[in-house]
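Report on the following structure.
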Amino acid sequence: MESDPIIARLRAAGCVFAEREAAFVRRHLVDPGDVERAVTARVAGVPLEQAVGVAEFDGVTVAVAEGVFVPRRRAEAIPEAAAAHRPDARIVVDLGCGSGALAAAMTRLLPATQVHAVDLDPTAVVVARANGRRFGFTAHHGSWWAGLPRSLRGRVDLAVGYLPHVPSARVDGIHPDFRAHEPRSTVDGGGDGLDHLRAVVAPLAAWLAPGGAFVTLLSVEQAAHVPGRIAWQDDEDAVLVLDPESVGSWLA
């Protein structure tokens with residue numbers, strides 16, 4: 001018989017990693033009322049991070065909120081690859097930032113950089129701005145590059161982004177906890193999943209500084225069709241480093 005009441009409730013609700021989730025709750029919440037609200041929300045199907053109000057991502061803990069995309073642990077490979085590619089970067093942008101997890105990770109990895117983040121969803125921008133005040137980056141509201149200050153044009157050394165890249169036909173296959181609590185727009189990448197990538201890389205030459213690059217994560221299957229250097233991959237995902245020269249022929 002389960003002796004830990006939180007683990008027991010989570011397991012009864014179908015949480016496969018009940019022990020790990022209970023530890024996460026206790027790591028971030030102390031007040032019994034807060035713990036109870038978080039566990040009740042999780043049992044009801046709210047993603048763990050939204051239920052608790054924070055997400056752990058690549059060495060940082062960022063605030064998250066209901067209706068805002070939950071940072072995926074697989075995306076931790078993006079900032080690591082980006083920092084390794086341009087450790088001398090002075091200006092970094094996080095495109096489609098959601099809560100700003102990538103931006104926060106970049107401030108940790110490259111503390112001397114000026115980091116900007118941007119998202120079209122006003123709810124996400126509120127959360128990203130709160131995280132920005134804590135970690136030292138600036139969050140903007142707008143669509144991709146168009147939401148950034150024009151003063152950054154031609155000066156960005158590194159752009160990072162965990163773009164929506166799930167093919168539309170596969171969106172309904174995402175775990176129902178996430179599907180019900182995140183906007184579809186945060187995961188749906190169009191027919192082949194690459195619509196947003198095309199939108200982001202089309203103006204790459206205008207925004208990147210010489211030697212600049214955009215670093216993102218795709219499925220291994222998708223990465224095979226996009227010209228760029230693979231900086232990291234496992235059986236499912238690959239991190240790509242893209243520059244204006246490499247993507248020019250792909251967009252033509």
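The values are calculated or read from the model by the stated rules, or taken from the named source; none is laboratory data. It should be emphasised that the depicted structure is a prediction, and the values quoted were computed from it without experimental measurement. Note that each Cβ is placed from the backbone with ideal geometry, even for glycine, and that neighbours are counted across all protein chains shown. Please note that ligands, DNA and RNA were not included when accessible areas were found on the heavy atoms of the full protein model with its side chains. Shrake-Rupley method; radii C 1.70, N 1.55, O 1.52, S 1.80 Å.
The table below gives the values:
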quantity: Number of positions in region 210-222 that are free of Cβ contacts under 8 Å to residues at least 40 places away in the same chain and of a type outside the set (D, E, K, R); calculated: 2
quantity: Close pairs from region 223-252: first within 22 Å of Val156 (Cβ to Cβ) and free of Cβ contacts under 8 Å to residues at least 60 places away in the same chain, partner buried (at least 19 other Cβ atoms within 10 Å of the Cβ) and hydroxyl-bearing (Ser, Thr, Tyr), Cβ under 7 Å, at least 6 apart; calculated: Leu240/Thr216
quantity: Residue in region 32-71 that is nearest to Pro164 (Cα to Cα), counting only those that are out of contact with any helix residue (DSSP H, G or I) (no Cβ under 9 Å at 6 or more places or on another chain) and not small (Gly, Ala, Ser); calculated: Glu36
quantity: Qualifying residue in region 14-30 (condition: modelled with pLDDT under 95 and of a type in the set (A, V, I, L, M)); calculated: yes
quantity: Cβ pairs under 6 Å, 6+ apart, first in region 47-64 and closer than 17 Å to Val126 by Cα, second of a type in the set (S, T, N, Q) and outside any loop (DSSP other than H, G, I, E, B); calculated: Val54/Thr61; Val62/Asn131; Ala63/Asn131; Val64/Gln50
quantity: Set Ala124, Ala139: member being in a strand (DSSP E or B), among the small types (Gly, Ala, Ser) and surrounded by 24 or more Cβ atoms within 10 Å (Cβ to Cβ); calculated: Ala139
quantity: Residue match in region 35-42 (condition: among the polar types (S, T, N, Q) and free of Cβ contacts under 8 Å to residues at least 12 places away in the same chain); calculated: yes
quantity: Pair list, Cβ under 9 Å, 6 or more apart: region 180-209 residue more than 23 Å from His225 (Cα to Cα) and of a type in the set (Asp, Glu), other residue in a helix (DSSP H, G or I) and open to solvent by less than 60 Å² (accessible area, probe 1.4 Å); calculated: Glu182/Gln50
